[in-house]
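K.L.:
This structure is in C-alpha cells; I'll ask about it shortly.
The values are calculated or read from the model by the stated rules, or taken from the named source; none is laboratory data. Everything quoted here is computed from the prediction, not taken from an experiment. Cβ: placed from backbone, ideal geometry, glycine included. Neighbour counts: every protein chain shown.
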Amino acid sequence: MFSALFYFFMKEETFSDQEKMYVLLQVFLITVIIPLLFFLLLRTTGKVDSVMINETAQRKIPMALQCLLFILLVKRTILVTRYPELHFFLLAALFGTLGATILLFFKIKISLHMLGISALTVFIVGLSIHLQIKMPIVIALLILLNGIVASSRLVMKAHSPFELTLGCAFGVFPQLLFLYLWM
C-alpha cells in the first residue's frame, strides 16, 4: 500500500486523480481488507492463534493467500503497460513472499516485517534514481526505519538475528533483480 501511495505521489502528473483513487482503492482492498478478513476467518476456525503467528505451520495458509493476492494485483490491477515500476515492485514482492513461503516447508520462518520494509526501501531508492528526483531525507528515514523495525523485532523476541537477516535478504534481492527490468 505504501509503495503504491509513494509511486502515485512521485508520478503525480502522469495519472489523473480519479485513476489514482481507483487503483489505490483496489490495492487497499487486496492488500489490507481481504487479508484482514481472511485472518479473522482463520482465527475463528482456529487455524491461527494470534496476529503474531509464531509457528511455521500456521503461517502457510496466510502466506499462500498473500502470494495469490500479489498475483491478482500483478495480473489484473497493476499492469506492466500502465504502471511498470509498481508492477515490477509487486512482482519482486511476490517472489520474496514465495521464497518465504517455501522456507516454511523447511520449518524456517523469516521476518515479514523486514521483508516488507527492506523491499520498500530498495523500491524508493530505485524510483528516486529512475525519476531523477533527489530524496536524501526520505531514503535516510527509510534506512533508519529498517533499523527500528529490526530492533523492535529483536526486543519483542519475535525473531532471531538470522530470521531478520533472511527477511531483509528476501526483501532486497528480488527488488534488485527486478530493478533491472524497469530502470
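K.L.:
Looking at region 19-45, which of the residues that are in contact (Cβ under 8 Å) with a residue 24 or more places away in the chain and among the aromatic types (Phe, Trp, Tyr) is farthest from Thr101 (Cα to Cα)?
P.N.:
It comes out as Phe28.
K.L.:
Does region 94-109 include one or more residues that are of a type in the set (Phe, Trp, Tyr) and either crowded, with 17+ Cβ neighbours inside 10 Å or in contact with a Leu (Cβ under 7 Å, 6 or more places away or on another chain) (or both)?
P.N.:
yes
K.L.:
Looking for something among the hydroxyl-bearing types (Ser, Thr, Tyr), modelled with pLDDT of 90 or more, surrounded by 15 or more Cβ atoms within 10 Å (Cβ to Cβ) and in contact with a helix residue (DSSP H, G or I) (Cβ under 7 Å, 6 or more places away or on another chain) - is there at least one such residue anywhere in region 49-65?
P.N.:
Among the residues of region 49-65, not one is among the hydroxyl-bearing types (Ser, Thr, Tyr), modelled with pLDDT of 90 or more, surrounded by 15 or more Cβ atoms within 10 Å (Cβ to Cβ) and in contact with a helix residue (DSSP H, G or I) (Cβ under 7 Å, 6 or more places away or on another chain), which makes the answer no.
K.L.:
What is the one condition in (1) in contact (Cβ under 8 Å) with a residue 12 or more places away in the chain; (2) assigned to a helix (DSSP H, G or I) that Val48 does not satisfy?
P.N.:
The one condition Val48 does not meet is (2).
K.L.:
Do you know which residues across region 92-114 are within 10 Å of the chain's Cα centre (by Cα) and either of a type in the set (D, E, K, R) or within 18 Å of Met183 (Cβ to Cβ) (or both)?
P.N.:
Once the filter is applied, which keeps residues that are within 10 Å of the chain's Cα centre (by Cα) and either of a type in the set (D, E, K, R) or within 18 Å of Met183 (Cβ to Cβ) (or both), region 92-114 yields Ala92, Ala93.
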